[in-house]
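Report on the following structure.
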Amino acid sequence: MNLQNIWFIMKREFNGYFATPVAYVFLVIFLLLTGFSTFFVGNFFERGEADLYPFFSLHPWLYILLIPAISMRLWSEERKSGSIELLMTLPISVFDAVLGKFLAAWAFTGLALMLNFPLWITVNYLGSPDNGVIFAGFLGSLLMAGGFLAIGSCISAVTKNQVIAFVLSLVASLVFVLSGYGIVLDFFSSWAPSALIDAISSFSFLTHFDAISKGVIDMRDMLYFASVIMVWLFANAIVINVRKAD
């Protein structure tokens, strides 16, 4: 792992987002959706509480739709244009390239999340929220976004078609969220042993994100997201090695 190479790829990819209007369109859509979901879908004013629970509770569902739109181009575009061949001729390891591209997409997502900072100021103006809980919510959201991006990046390496990459990433993300959803767990609870139900729930982004967003920063939840990211990035590197000649 070469940090200089990773930084080079990350900087190249991050700047590439702003070379077209796509990045600005994404940021505007993300901010509009988070604002709308917080104040209207989440009934922010009706709840009468100065917190950002409505804001964070809808993040998994927003990410299911929005993160694949970022990740679908990470490798599909490289393979379709043939630029992956040029990338592979550089003195950069496959994993360095995978990590650099991922970190660029993660930094871009972090920027989109950070632009929601005025909501934090708003709840402090309206009341006296627990800022530690809000900070934990932002941290959990960023980690969860990293998990979605790692999955999407790996899937993007499988196909040259960005639409297919988007759909497959969306489905995979949906599985990782729904595995901890009440309806799914209730279905298994009628016949499956509790150990299996706990195992299914433990694979869900919802289970781990909900705990962090409530201010409970447990190392097990942090390690879960870190493990998801690393496993999918290693899988991403393997896929690139196998299919780079396609």
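Any read-out appearing in this document is the output of simple, stated calculations on the displayed coordinates, not a laboratory observation. Small disclaimer: the values here were computed from a predicted structure and weren't measured. Methodologically, a virtual Cβ is constructed for each residue, glycine included, from the backbone with ideal geometry; neighbour enumeration extends over all protein chains shown.
Below is a table of values for the structure above.
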item: Computed label-point distance, nm, for sites L174 and I121 using a 7 Å Cα→Cβ extension; result: 3.8
item: Residue order, fewest to most surrounding Cβ atoms within 10 angstrom, among W106, W61; result: W61, W106
item: V177, V94 arranged by Cβ crowding within 10 Å, fewest neighbours leading; result: V94, V177
item: Ranked I64, I151, I217, I92, criterion: other C-beta atoms within 10 Å, fewest first; result: I217, I92, I64, I151
item: Full-extension gain in nm, I164 to V231, via 0.36 nm per residue minus C-alpha separation; result: 21.9 nm
item: L27 versus A107: modelled label distance in nm, points set 7 Å from Cα along the beta carbon direction; result: 1.4
item: Two-site label geometry, V94 and M222: point separation in nm, points 7 Å out along Cα→Cβ; result: 3.2
